[in-house]
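What follows is a short report on a single structure.
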Amino acid sequence: MKRKTDLRRVGVARALSKLGFCSRAAAFELARAGRVRVNGVVRRDPESPVHLEKDRIDVDGKLVQENQRVYLVLNKPRGVVTTASDEKGRETVYAYLEADLSWVAPVGRLDKASEGLLLLTNDSEWAGKITAPEIHLDKTYHIQIAKVADENLLKSMASGVKTSKGILRVKRAGLLRCGEKNSWIEVVLDEGKNRQIRRILEILGVGVLRLVRVQIGRLALGDLKKGEVRHLTADEKHAIDQAIGRDDPG
């Protein structure tokens, strides 16, 4: 059964993204460069409407067809950036993917210093649902901090700290284990503001030694080794679909 979103007209850049050909940003550049044709006519306007079921879209003279949907999970190592290319020449997450894999994009981001569970897919609608603030999908992190955590710190993280743009808080914070000078805490977020955990701890005067995302919804990082990547199982994909309210998974 076709998804309802496939029945309406969309901009040509979004169409290329929905078909799993490339990111919407890359599609904008392709269109502006005159490399995209719709029914034989060059479309330089990335917002030019097309019908996914009726119109023929070509890039560089080759027909664009819907790619098989790909859903991957990567254990992102620390020091790797979550982008397709980096102007500073740093290693990116794409170095860990098979060379002949169809285009995929990270679902959200982990900053360079963070590590752990990262999803990648060519299903832009699915990715958008996971990162949408109104979905409130839980993401769980284990953080090593340069402080012996106490109840006051954990309560402060949950009650929130003031910033110039409002209150930043976590959904839950708990203690995992303590050493003499540092400790590991578990934090759950159900929203994804930029560097949210690090900013909260910085305001509270606490240094972050490691930050590892270990779970998204019911999908756990498990024993996946650093730098390893695998496809989601059907059960894992279905669990995420249920959590984000996707009625007709792709």
Between the Cα axis of helix 234-244 and the main Cα principal axis of the chain, the angle (0 to 90°, nearest 10) is 80 degrees
Within the chain: Cβ-based charge dipole about Cα centre, in debye rounded to nearest 20 (Lys, Arg +1; Asp, Glu -1) | 620 debye
Within the stretch 62-167, list the GluC sites (Glu not before Pro) lying in a DSSP loop whose Cβ has at most 12 other Cβ atoms in a 10 Å radius.
-> 87, 98, 134
Long-range HN-HN contacts of residue 232 with modeled amide H, under 5 Å | 71, 72, 73
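Quick one: dipole size for the stretch 139-216, taken about the Cα centre, charges +1 on Lys/Arg Cβ and -1 on Asp/Glu Cβ, in debye to the nearest 20.
Roughly 300 debye, rounded to the nearest 20.
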Could you sort out which of 18/139; 147/225; 147/171; 62/88; 18/193; 129/237 sit more than 23 Å apart by Cα distance in this structure?
-> 18/139; 147/225; 62/88; 18/193
Assign unit charges at the C-beta atoms only (+1 for Lys and Arg, -1 for Asp and Glu), then state the dipole size of the stretch 106-166 relative to its Cα centre in Debye, rounded to the nearest 20.
-> 280 debye
By how many nm would the segment from residue 155 to residue 29 grow when fully extended, if each residue of separation counts as 0.36 nm and the alpha-carbon distance is taken off?
-> 40.7 nm
Along Cα→Cβ, 7 Å out, is where each label goes; now give me the distance between the ones at residue 165 and residue 78 in nm to one decimal.
-> 2.6 nm
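First select every other residue whose beta carbon is under 12 angstrom from the beta carbon of residue 165; then total the charges, Lys and Arg +1, Asp and Glu -1.
+3
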Unit charges at the beta carbon, dipole of the chain: most positive-side option, 158, 178, 211 = 158
Of the listed values [x] 0.97; [y] 1.03; [z] 0.93, grab the one calculated as Rg/Rh (Cα atoms, Kirkwood Rh) from the structure here.
-> [y]
Net charge of Cβ neighbours under 11 Å - reference residue 107; Lys, Arg +1; Asp, Glu -1 = +2
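Taken together, the values in this text are just the output of simple stated rules run on the coordinates, not laboratory data. It should be emphasised that the depicted structure is a prediction, and the values quoted were computed from it without experimental measurement. Cβ coordinates were reconstructed from backbone atoms using ideal geometry, including for glycine residues, and neighbour counts include every protein chain displayed.
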